[in-house]
Structures are given as C-alpha cells and as structure tokens.
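Participant: The structure is given below, and queries will be raised subsequently.
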Amino acid sequence: MSTRSNDQGRAYEYAWMKTLYKVLRERRKTRIVDNSSLHANAKAWTLIDKKTQQTFIISAEFAIDAVLEMEPRMSENDDDELVLEFQKDGAGIKGDVRDIVVRRDNIKWEIGLSIKHNHDAVKHSRLSYKLNFGKEWFDMPCSDAYWNAVTPIFDMLKNEKDKGTKWSEITEKDEKVYVPLLQAFIDEVNRACEKDKDMPRKMIEYLIGKKDYYKIVSRDSKRLTLIHTFNMHETLNKPSKDKDSDIIVPVVKLPTRLVALEFKPNSSNTVEMFLDNGWQLSFRIHNTSTKVEPSLKFDVQFISMPMSVLSIECKWN
C-alpha cells in the first residue's frame, strides 16, 4: 500500500471517529480512548487537504444513521459510558480486523467497525520461500510435500534476484512460476482439508476476521458508502432496553466443506475456491516489484458471499 493510500485510509478512519463522537456525545456519555492509533490517525487527517476531509466526513455522515439503527445500544441514553477506541495496528494479524471498537463495559457489550477507503480487498497475503501459509491461515504447518514442490521455484527466483533480473526478463513466467506455485497451493489446501474438517471455517476466519463487525467501504467517485454485515457469532444487532432495530442483521454461517479449488478458466495466475454456505473466493498471484524477489503476493477477492451478509448502500444526497 502506498504512503498516500495508507494516509487516506487512516484519515478516513479518523473521519468516522469524529462523526461517531459528534453524534453520540449529544445522546449519551461518550469517550474516545487516547492511544497511539488515535495519534497516528489524527496526524494522517492533518496531511490530507480540506476538500478530501470534507468528502470523508460526508461519507461517514450519510452512513452513520444505518449503523445506529442496527445497533440501538450505541445511542441508548443510559447512565454508563460509551467508549470509542481505535484498535492497535497488530490486531489484524491476530484475526481481529476491526478498526474501531465501540463498547459499554458495564453491560459487557461491544461491536466493531472495519473502515475501508476505496478498496474492498479481503486480505493481502503472500507465498514465499519462508512463509508457512498453512500455519498462518489455518493453524496447520505446510507439509514436506508442499515445500518439496515450491523450494526449487523459490531457489530459482532467489538466484535471479541475486543477478538483478527484472520480472519482465523471466521467460515463461506462467509455466515456470505461477502455475506450479498455485498447483502446490491447491494440493496443500486439499491435504489440509482431509486432515482437519474445521479447515474451511478457519480459512474464512483468517481472511475475514474472527470477530463480528460492520465493514464500511467508501466509494468516493460513486458518492456512496457501503455497509456489509459480518454477524458470524450473533453479537451484532442486539436490542437496547427500549428499542429493537428495524433492520434485522442475519447470522452468517461459516463454511463446513471445501467443494472445489481449481484454476480459473483460461487463467494461469488465479485459482477459485468454492465452499458451502455461499462462500466463493478468488486468489490471484502476482509480483509487486519490478525486480525479481522470492516472494509473490496474493490478491484475495470474494466472488460471492452468503446472502446473510447484508450490503446496505448509503447514497450521499
């Protein structure tokens, strides 16, 4: 991610924090936790121009009512304190993708928001000569068969790196690199699935997070804010003392079976994964640098998600 898009992402998170605080403090006792993430996001906010700041605030303002409607406990005027907190940056590595946590400690209740600016990528992952993706993704170290398949490919790439070779100078990249690496990936996922029946669930939890949340995506050019609901563990959409939400947030079933994992038709750099309960993903492998490295990036995207993941469009009038 470029420095500019990283700053914009942080600034958009800050716009949401500002908007939440402004709206909620008028309704109830509210506090923002002072931490390093707050300072980093506040700094990013000062680095963007006034017009972009205004766009980000508009994006948050037109979506906040939908969030408050789904979560009556946020604006419930009780005597306790509502806390707004930016997560520390390392949380995502541990499977918690929420950027902002909203909580009320006295009733042991919290919800989270994952805030995205102009992109909807699931997770940036890699395959490399040392990265044990099985251990990281579904807590099962990669097999010797996997390492035996990929090590010669990465050794060749290391050798080319030492020579200063550019990716554009590698002939037959598809046949020598992409296809065999992806085939090794397919074989390893299938092996893991045979050993651990919970592997499909663990894999999706690695990609989308283990905790429930609302994913908020700003599409500036379309003047639109999207809200996706990820209510896997039934912690979202709880009623307050005097209000049930008019919007019902369904429970999302995680997958239990890997149905198919295969190359996308007519593609040598993308595989598609089909799971039960409505989950479908694509994994596109690609290089991100001009010069050869023994590491390749995975761009992971959803082809489709369960119908129970609501997608709410908030247009900026």
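Participant: Which semi-axis lengths, in whole Å and largest first, follow from the square roots of five times the eigenvalues of the Cα gyration tensor of segment 169-266? Walk me through the numbers before you get to the answer.
Facilitator: Details: eigenvalues 281, 94, 18 Å².
Output for segment 169-266: semi-axes of 38, 22, 10 Å.
Participant: What area, in nm² and to one decimal, does the C-alpha convex hull of segment 25-125 cast on average over all directions? Intermediate results must be reported in sequence, preceding the final value.
Facilitator: Numbers: hull surface 31.1 nm².
The directionally averaged projection comes out at 7.8 nm².
Participant: Quote the FRET efficiency, to the nearest 0.05, computed for Asn317 versus Leu131 with a Förster distance R0 of 51 Å and r equal to the Cβ-Cβ distance.
Facilitator: That gives a FRET efficiency of 0.65.
Participant: If you wrap segment 1-47's Cα atoms in a convex hull and average its projection over all directions, what's the area in nm²? List each step's numbers first, then the result.
Facilitator: Values: hull surface 13.3 nm².
Mean projected area of the Cα convex hull: 3.3 nm².
Participant: Provide the gained length on full extension for the span Asp144 to Lys176, in nm with one decimal, where the gain is 0.36 nm per separating residue minus the Cα-Cα distance. Kindly include the intermediate steps, with their values, before the conclusion.
Facilitator: Details: separation 32, 0.36 × 32 = 11.52 nm, distance 2.03 nm.
Extra length available between Asp144 and Lys176 comes to 9.5 nm.
Participant: Using a 10 Å cut-off around each Cβ, can you sort Tyr129, Tyr146, Tyr214 from fewest to most neighbouring Cβ atoms?
Facilitator: Working: Tyr129 15, Tyr146 20, Tyr214 27.
Fewest-to-most Cβ neighbours within 10 Å comes out as Tyr129, Tyr146, Tyr214.
Participant: Another question about this same structure. If you average the C-alpha positions of segment 184-236 and of segment 136-162 separately, how far apart do those two centres end up, in angstrom?
Facilitator: 25
Participant: Still on this structure: Name the shape class, rounded, prolate or oblate, that the alpha-carbon gyration tensor gives for segment 64-116, where a ≥ b ≥ c are the square roots of its eigenvalues, rounded holds for a/c under 1.5, and otherwise prolate holds if a/b is larger than b/c and oblate otherwise. Kindly include the intermediate steps, with their values, before the conclusion.
Facilitator: Details: a/c = 2.73, a/b = 1.57, b/c = 1.74.
The shape class here is oblate.
Participant: Can you classify the chain as rounded, prolate or oblate using the Cα gyration tensor, where a ≥ b ≥ c are the square roots of its eigenvalues, rounded means a/c under 1.5, and otherwise it's prolate if a/b beats b/c and oblate if not? Spell out each step's value before the answer.
Facilitator: Numbers: a/c = 2.32, a/b = 1.67, b/c = 1.39.
Here the chain falls in the prolate category.
Participant: What shape does segment 124-235 have by the C-alpha gyration tensor, where a ≥ b ≥ c are the square roots of the eigenvalues, rounded means a/c under 1.5, and otherwise prolate means a/b greater than b/c and oblate the rest? Provide the component values of the computation, followed by the final result.
Facilitator: Details: a/c = 3.12, a/b = 1.44, b/c = 2.16.
Cα axes put segment 124-235 in the oblate bin.
Participant: Return the aspartates and glutamates within reach of Lys88: Cα separation strictly under 20 angstrom, same-chain partners fewer than 8 residues apart disregarded; answer none if there are no such residues.
Facilitator: Excluding near neighbours in sequence, the set is Asp7, Glu13, Asp34, Asp96, Asp99, Asp105, Glu110, Glu136, Glu205, Asp212.
Participant: Please enumerate, by chain and number, the aspartates and glutamates with C-alpha under 15 Å from the C-alpha of Lys315, excluding those fewer than 8 residues away in the same chain.
Facilitator: Reachable aspartates and glutamates: Glu61, Asp65, Asp220.
Participant: Right, something else. Under the 0.36 nm per residue contour assumption, what length would be gained going from the current alpha-carbon distance of Asp34 and Lys291 to full extension?
Facilitator: Net length gain for the segment: 88.4 nm.
Participant: On a straight-distance basis, which lysines could pair with Lys163 in a cross-link, Cα separation under 29 angstrom, same-chain partners fewer than 8 positions away excluded?
Facilitator: The reachable lysines, counting only those whose Cα sits under 29 Å from Lys163, are Lys130, Lys173, Lys176, Lys291, Lys297.
Only the coordinates and a few stated rules stand behind these numbers; no lab work does. Please read these numbers as outputs of a predicted model, since none were measured by experiment. Methodologically, a virtual Cβ is constructed for each residue, glycine included, from the backbone with ideal geometry; neighbour enumeration extends over all protein chains shown.
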